[in-house]
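Reviewing the structure listed below.
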Amino acid sequence: MTSGLRTRLLMMLIPPVVALALLSAWLDYRAAASVALEQDQRLAALVPLLADSLLSPGNRQTDSPVFLLAPAIARFLESPATSSIAIIDESGRLVHGEEWLVGQAPDTTEAVFENAEHDGVTWRIVRQRQASVLGNVVIVLADASDPRQQWRRNIVLKALLPNLVLAALAVFAVRWTVQRALKPLLDLRDALERRSPRDLTAFDARGSPDEVRPLVESLNRLLGLVNAQAESQRRFIGDAAHQLRTPLASLQAQVEAWAQAADSQTPPRQTIELPTQQVHKLQDATRRTSQLASQLLALSRADAHAIAAQPMRPVELKELCASLLEVHLDAAAAKQIDLGLDAEPVQAWGHEWLLRELLANLVDNAVKYTPPRGTVTIRCGQRDGRPFLEVEDDGPGVPPDQRAQVTQRFYRMSGTQGEGNGLGLAIADEIARAHGGQLELDSGAHGRGLKVTLLLAG
């Protein structure tokens, strides 16, 4: 998780550090070169002063010329260990000064600089042709205190080496800093690796840095969704096992009773006669088991956490209501119930198959619990600028104190007539929450029956 991020950070931080170290070395070089250039200019300025210091040649050819040294030349010659001069005539003969300074005369009148080694000392030497009382001569000045030469001797110790050491230390400091900065991510990774698949508890985001806290909070939200979905699955499996036990036991008891009756006959017969009542009981148990399995499957598919990532599409609610009216028309006619439709053309965003399941459960419940010759109405339209679905009946209704409980799974009010599993409203409520809404339960017209409404997003 952090190898790529660490590499990117190091690649972004280390090159500037190295570049700054090289810049510092270059500035040191420029500073030394500037001092050396000033020294060259000082030496070049002394050359005409030395030529002007010649007053006359000696009385004899072997005598030294007579000097009246300028103050600057006198100061220059105060340290014989680091300064030396030579005067050479046009024939190349040394007139005055050090023999080792005799060399090739310049071709022009411009000052010529060079470096030379003598007695283990590096000298900075300047040569220039000058006019004097001796005629045209070559003036030579040598300086062993040249800062350029000192810098060249000490460049590794005084410039490059300190900068390289600082660059190396900076690289290690940057690496350590990046490692420390990424420690929360590494700790988060280690914590995730140590967790068991069953541990979905949230991480503590308060101890995380500001940059890492959004990641931890997003991870906690994901863990919460996964935990809610896992809990929903566990609850669904437990509820399904519990509810299927009764009808399956009834079916098993009926079949075993018939098998015992067949085995007890003497002699055994290939067929047995069953009372009509027992056949009807088996039919009811089979129908109830099939209905329960269908509702459990619908409840599992309608789980709000499971379908949250599925995209919603426009749904024509009037067409949906009309199709459900046709499906339940026969069941309503069998009880002489007036099943009506009060629908306006309206479109809502949602999952059509889930809204169909929701409306089917609401209409099925209304038809099932409304007494004969009652009324059930399916509605859709707009209310307060939002599309809605609604089913109203004039049946027994739900007391206000139990309306929050009837949407719970497998809850049935005491004294409820007819067969049911207590899943119809639970499925509808799950689908409503998947669409970002909630079922609204209220009394029907004139305070009778039940009216169930769902407001949707347009």
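The values are calculated or read from the model by the stated rules, or taken from the named source; none is laboratory data. Fair warning: this is a prediction, and the values are worked out from it, not measured in the lab. All Cβ positions, glycine included, derive from the backbone under ideal geometry; neighbour counts span all protein chains shown. All accessible areas refer to the heavy atoms of the entire protein, side chains included, with ligands and DNA or RNA removed. Shrake-Rupley method; radii C 1.70, N 1.55, O 1.52, S 1.80 Å.
Within the accessible surface of the range 35-130, defined with a 1.4 Å probe on protein heavy atoms only, the carbon and sulfur portion equals 51 percent. Go through the range 61-129 and name the trypsin sites (Lys or Arg not before Pro) that are in a DSSP coil and have 12 or fewer other Cβ atoms within 10 Å of their Cβ. Those satisfying the criteria are ARG93.
Taking amide H positions as modeled 1.01 Å from N, with prolines and chain starts lacking one, the residues under 5 Å from HIS118 and 5 or more places away or on another chain are TRP123. Between ARG221 and LYS335, the FRET efficiency estimated from the beta carbon spacing at R0 = 45 angstrom works out to 0.40.
Per-residue surface analysis assigns ILE427 an accessible area of about 0 Å², computed on protein heavy atoms at 1.4 Å probe radius.
When the surface is traced with a 1.4 Å probe over the full set of protein chains, LEU219 keeps roughly 30 Å² accessible.
Other residues whose C-beta falls under 9 angstrom from the C-beta of ILE139 contribute a net charge of +2, scoring Lys and Arg +1 and Asp and Glu -1. Length available on full extension from ASP40 to ASP119: 0.36 nm per residue minus the Cα-Cα distance, which gives 26.3 nm. Distant-in-sequence amide contacts of VAL95, defined by a placed amide H-H separation under 5 Å and a gap of 5 or more residues or a different chain, comprise ILE87, ILE88, ASP89. Of the listed residues THR109, THR375, the order by accessible area with a 1.4 Å probe, largest first, is THR109, THR375. Model label sites at LEU169 and GLU256, defined 7 Å from Cα along the beta-carbon direction, differ in position by 8.7 nm. Accessible surface ranking for VAL133, VAL17, 1.4 angstrom probe, highest first: VAL133, VAL17. Taking all protein chains together, ARG189, ARG206 sort by accessible area into ARG206, ARG189, largest first [probe 1.4 Å].
Once all protein chains are placed together, LYS335 keeps about 60 Å² accessible to a 1.4 angstrom probe.
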